[in-house]
Amino acid sequence: MGKVIISAAITGAATIPTLTPHLPLTPEEIAGSAVEAAKAGAAIVHIHARHPDHGAPSADPEHFRTILTEIKSRSDAVICITTGGSPTMTVKERAANVPEFKPEMCSFNLGSINFALHPALKRHGDWKYPWEPRYLEMSKDFVFKNTFLDFEHLCKVTKENNVKPELEIYDVGHLYNLNFLVQEKMVDFPMHLQFVMGVLGGIGTMAEDLTFLKHKADILFGPKNFTWSEVGVGIAQFNLAAISLQMGGHVRVGLEDNIYIRKGVLAKSNAELVEKAIRLAKELDREPATPEEARRILGLKGKDKVNF
Ligand code: KMH
Ligand code: ZN
């Protein structure tokens, strides 16, 4: 089946600081956690930034610059930056860090969903920061907008800057959106797909949800034309990782998607989640790819071609 690329999604925008004291918040903490995750065996680190004063999601290029330069100087990991941004931003604002930093990879969300986080309101009450309950409450009516016009912009900036898109698929219709872009020659083969499963508003986390998405992608694009990974959001993170490992897929773990190392036990770090993914991979006879191997598998331009 070949080596498995482990991605670590370090902090995200959906995990709020109250949920776990182990979430890295400042640019220095985010970079440090990414370097540790890479040392533990993650070949890719997926990066969001946060405001150092209060931990709310940030797309400020200066926050990104601190994170990216620090990771680059201390590790060889492939850096994939988010274009997910925060709820109030336009796609141009969300994608502005792509031409600015020209990373090896960036996220590319393939459809609009009601990205709902409000159920977490019931489980907490003692908030670390005042923005957190408002953020969860507004998500009930929040459409994470990724329209065909937005796709045009992302296709343009990823192509112009030679950045490989990590194509985020939250539901089966998103494969058909992607198929339209393929037909229009706006996205090139080989692609890297990521099945994001377990976001309220998208597909769930059952085994057949994953096999179905992979099967549909095979039919639409042909299995030789794409590599793929999965993201299990919430406690399903490792169950889905185990299935992906057996199907020949790649795996993402990290505090962006899941805060538990096992049921009811908070993960102390991203590195701890990566170590568990690696133990699981080895038990299933999948060796983790090094960053250089990941670059070859995904056809990336290389660490020396980024702009930071
Ligand atoms: N937050 C995840 C559910 C992005 O950053 O643009 C998906 C993600 C997308 O990582
Ligand atoms: Zn992300």
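Can you find, within segment 175-198, the residue that is surrounded by the fewest Cβ atoms within 10 Å (Cβ to Cβ) among those that are within 16 Å of ligand 2 (Cβ to nearest atom) and within 30 Å of Phe308 (Cα to Cα)?
Top of the filtered list is His192.
Residue-by-condition table, conditions (1) in a helix (DSSP H, G or I); (2) under 25 Å from Arg296 (Cα atoms):
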{"site": "Glu137", "(1), (2)": "yes, no"}
{"site": "Glu152", "(1), (2)": "yes, no"}
{"site": "Lys159", "(1), (2)": "yes, yes"}
{"site": "Leu178", "(1), (2)": "yes, yes"}
{"site": "Lys185", "(1), (2)": "no, yes"}
{"site": "Ala217", "(1), (2)": "yes, yes"}
{"site": "Gly234", "(1), (2)": "no, no"}
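Inspect all residues belonging to segment 204-223 and state whether any of them is within 16 Å of ligand 2 (Cβ to nearest atom), open to solvent by less than 80 Å² (accessible area, probe 1.4 Å) and modelled with pLDDT of 95 or more.
No.
So, Phe108, is that one aromatic (Phe, Trp, Tyr), within 15 Å of ligand 1 (Cβ to nearest atom), open to solvent by less than 10 Å² (accessible area, probe 1.4 Å) and part of a strand (DSSP E or B) or not?
Yes, satisfied.
Residue check: is Phe189 out of contact with any Gly (no Cβ under 7 Å at 6 or more places or on another chain) and either under 28 Å from Ile44 (Cα atoms) or at pLDDT 95 or above (or both)?
Yes; evaluated as a whole, the condition is true for this residue.
If you check every pair at least six apart or on different chains, which have Cβ atoms under 9 Å apart with a residue in segment 30-44 that is under 14 Å from Ala289 (Cβ atoms) and at pLDDT below 95 first and a residue that is open to solvent by less than 10 Å² (accessible area, probe 1.4 Å) and among the small types (Gly, Ala, Ser) second?
Between residues of segment 30-44 that are under 14 Å from Ala289 (Cβ atoms) and at pLDDT below 95 and residues that are open to solvent by less than 10 Å² (accessible area, probe 1.4 Å) and among the small types (Gly, Ala, Ser), there is no close pair.
Here is a yes/no grid of residues against (1) over 19 Å from Gln246 (Cβ atoms); (2) away from ligand 2 (no atom under 16 Å from the Cβ); (3) surrounded by 21 or more Cβ atoms within 10 Å (Cβ to Cβ); (4) of a type in the set (Phe, Trp, Tyr):
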| site | (1), (2), (3), (4) |
| --- | --- |
| Pro133 | yes, yes, no, no |
| Asn146 | yes, no, yes, no |
| Gly173 | yes, yes, no, no |
| Gly201 | yes, no, no, no |
| Asn225 | yes, yes, no, no |
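So how many residues does segment 249-300 have that are in contact (Cβ under 8 Å) with a residue 24 or more places away in the chain, among the hydrophobic types (A, V, I, L, M, F, W, C) and not in a helix (DSSP H, G or I)?
Summing the residues that are in contact (Cβ under 8 Å) with a residue 24 or more places away in the chain, among the hydrophobic types (A, V, I, L, M, F, W, C) and not in a helix (DSSP H, G or I) in segment 249-300 gives 9.
I need a count of the residues in segment 65-99 that are within 16 Å of Lys301 (Cβ to Cβ) and away from ligand 1 (no atom under 11 Å from the Cβ).
The number of residues fulfilling the criteria is 8.
Looking at segment 16-56 only, could you name the residues that are hydroxyl-bearing (Ser, Thr, Tyr), within 16 Å of ligand 1 (Cβ to nearest atom) and in a loop (DSSP other than H, G, I, E, B)?
Of everything in segment 16-56, just one residue is hydroxyl-bearing (Ser, Thr, Tyr), within 16 Å of ligand 1 (Cβ to nearest atom) and in a loop (DSSP other than H, G, I, E, B), namely Thr20.
Can you tell me which residue among Ala14, Ala9, Ala38 is out of contact with any helix residue (DSSP H, G or I) (no Cβ under 7 Å at 6 or more places or on another chain), within 16 Å of ligand 2 (Cβ to nearest atom) and open to solvent by 10 Å² or more (accessible area, probe 1.4 Å)?
Sole residue among the options that is out of contact with any helix residue (DSSP H, G or I) (no Cβ under 7 Å at 6 or more places or on another chain), within 16 Å of ligand 2 (Cβ to nearest atom) and open to solvent by 10 Å² or more (accessible area, probe 1.4 Å): Ala14.
Which members of segment 189-209 meet the condition of being part of a loop (DSSP other than H, G, I, E, B) and free of Cβ contacts under 8 Å to residues at least 24 places away in the same chain?
Gly204, Met206
Which one is surrounded by the most Cβ atoms within 10 Å (Cβ to Cβ) among residues in segment 255-266 that are closer than 21 Å to Leu245 by Cα and away from ligand 2 (no atom under 16 Å from the Cβ)?
Ile261
Here are Pro61, Pro103, Pro99: which of them is within 16 Å of ligand 2 (Cβ to nearest atom) and in contact (Cβ under 8 Å) with a residue 12 or more places away in the chain?
Going through Pro61, Pro103, Pro99 in turn, the sole match is Pro103.
Can you tell me which residue within segment 276-307, out of those that are aliphatic (A, V, I, L, M) and in contact with an Asp or Glu (Cβ under 8 Å, 6 or more places away or on another chain), is nearest to Lys164 (Cα to Cα)?
Within segment 276-307, the match that is nearest to Lys164 (Cα to Cα) is Leu300.
The values are calculated or read from the model by the stated rules, or taken from the named source; none is laboratory data. As the structure is a prediction and not an experimental result, all values here were calculated from the model. Positions of Cβ are generated from backbone atoms using ideal geometry, with glycine treated the same way; all protein chains shown enter the neighbour counts. In case anyone asks, the SASA skips ligands and DNA or RNA and just uses the protein heavy atoms, side chains included. Shrake-Rupley method; radii C 1.70, N 1.55, O 1.52, S 1.80 Å.
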